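First comes the structure, then the notes that go with it.
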Amino acid sequence: MSKRGRFITLEGGEGVGKSTNVGFVAECLEAQGLEVVRTREPGGTVRGEAIRALLLDPVPQEPLHVDAELLLMFAARAQHLAEKILPALARGAWVVCDRFTDATFAYQGGGRGIPKERIAVLENFVQQGLSPDLTLLLDMPKEAARQRLESRLRDRHEQLDRFEQEQADFFQAVRDGYLARAEEAPERFAVIDAQYTLDKVQSQIRQVLLTKVAAWR
Ligand SMILES: Nc1ncnc2c1ncn2[C@@H]1O[C@H](COP(=O)(O)OP(=O)(O)OP(=O)(O)O)[C@@H](O)[C@H]1O
Ligand SMILES: Cc1cn([C@H]2C[C@H](O)[C@@H](COP(=O)(O)O)O2)c(=O)[nH]c1=O
């Protein structure tokens, strides 16, 4: 029987550099001869991307209830797992995903205040024991991350989405939520200091990946 692939997630607040580094992680793994599937949450499938559009809509017709927001995140995740993540892992591919369930604990838990026990019920229901093998948490002060985000939005002529419109205390709670998750599972998390130049950030990431790939082979 062929070996199951590995599941790697990138996490962190808005603008810390996750999307930039998903590509870098994929390239590092491909250079090791591995098949890599790159994806993101919410999204990653046609139905998941439709749910993402609902969740991120910057001008919603009516407020989205926090429980509805939570359930939509897991609805997109259920589809993503069934259609993309689990089949890829089963055939031996490595999956590199921009955000996963740690984001739910940080945003819906830390940011929105939903008790983590309620989130854990859905996590167990949808994931049935699956969790990432490695989570790269890109961490930096929220003010500097916000500057990066705003400069990207300016360059690309994009507007703030529904989450990006939140206030500073929401983003602090998200950051605290992520750091608490990392403390609870230090064997799975690698916390990357994301405030440095891209070269320095990527050299931290490369080091973690090389160590993990060697250990897993
Ligand atoms: N280490 C870095 N130093 C300086 N700029 C960076 C660094 N990493 C990424 N950037 C830039 O910061 C901006 C935000 O990066 P990116 O879009 O990858 O963040 P993100 O975490 O995916 O954001 P979001 O959560 O909003 O999707 C981009 O313009 C990117 O080019
Ligand atoms: C998976 C997941 C995501 N979110 C939020 C976090 C971001 O604001 C958006 C996704 O957009 P980005 O381009 O990746 O920044 O969705 C969330 O609140 N909960 C989740 O589980």
Any hit, the range 158-170, residues being open to solvent by less than 60 Å² (accessible area, probe 1.4 Å), part of a helix (DSSP H, G or I) and under 20 Å from PHE100 (Cα atoms): yes
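Hey, could you check the range 193-215 for residues that are outside any loop (DSSP other than H, G, I, E, B) and among the polar types (S, T, N, Q) and say which is surrounded by the most Cβ atoms within 10 Å (Cβ to Cβ)? Spell out the reasoning first.
If we filter the range 193-215 for residues that are outside any loop (DSSP other than H, G, I, E, B), which is where we start, we get 193, 198-215.
Filter again for among the polar types (S, T, N, Q), leaving 202-204, 207, 211.
Numbers: GLN202: 19, SER203: 11, GLN204: 17, GLN207: 12, THR211: 12.
Of everything passing the filter in the range 193-215, GLN202 is surrounded by the most Cβ atoms within 10 Å (Cβ to Cβ).
Please note which helices (runs of 4 or more DSSP H) are completely contained in the range 63-136 and include at least 3 residues that are under 24 Å from ALA173 (Cα atoms) and modelled with pLDDT of 95 or more.
Working: elements: 66-80, 86-90, 116-127.
Result: 66-80, 116-127.
Can you tell me which residue among VAL121, VAL95 is out of contact with any His (no Cβ under 6 Å at 6 or more places or on another chain) and buried (at least 22 other Cβ atoms within 10 Å of the Cβ)? Before the answer, list the steps.
Details: VAL121 fails: buried (at least 22 other Cβ atoms within 10 Å of the Cβ).
VAL95 is the lone residue from the list that is out of contact with any His (no Cβ under 6 Å at 6 or more places or on another chain) and buried (at least 22 other Cβ atoms within 10 Å of the Cβ).
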Residues located in the range 33-85, provided they are exposed (fewer than 15 other Cβ atoms within 10 Å of the Cβ), free of Cβ contacts under 8 Å to residues at least 40 places away in the same chain and either in contact with a Phe, Trp or Tyr (Cβ under 9 Å, 6 or more places away or on another chain) or among the basic types (Lys, Arg) (or both): none
Among the listed residues THR20, THR45, THR9, THR39, identify the single one that is among the hydroxyl-bearing types (Ser, Thr, Tyr) and away from ligand 1 (no atom under 16 Å from the Cβ). THR45
Taking SER151, is it more than 18 Å from the chain's Cα centre (by Cα) and either open to solvent by 20 Å² or more (accessible area, probe 1.4 Å) or not charged (D, E, K, R) (or both)? yes
Would you confirm, using the coordinates I've provided, whether ALA190 is more than 10 Å from ligand 1 (Cβ to nearest atom) and open to solvent by less than 80 Å² (accessible area, probe 1.4 Å)? yes
Of (1) within 15 Å of ligand 2 (Cβ to nearest atom); (2) touching a Ser or Thr at 6+ places or on another chain (Cβ under 8 Å); (3) more than 17 Å from VAL66 (Cβ to Cβ), PHE189 fails just (1)
Residue by residue through the range 19-47, note down the ones that are over 16 Å from THR135 (Cβ atoms) and in a loop (DSSP other than H, G, I, E, B). ALA31, GLN32, GLY33, LEU34, GLU35, PRO42, GLY43, GLY44, THR45
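The values are calculated or read from the model by the stated rules, or taken from the named source; none is laboratory data. From a predicted model like this one, the values you see are computed outputs, not experimental measurements. A quick note on method: Cβ atoms are made from the backbone with ideal geometry, for glycine too, and the neighbour counts reach across all protein chains shown. When the accessible area is computed, the model is the full protein with side chains, heavy atoms only, and any ligands, DNA or RNA have been set aside. Shrake-Rupley method; radii C 1.70, N 1.55, O 1.52, S 1.80 Å.
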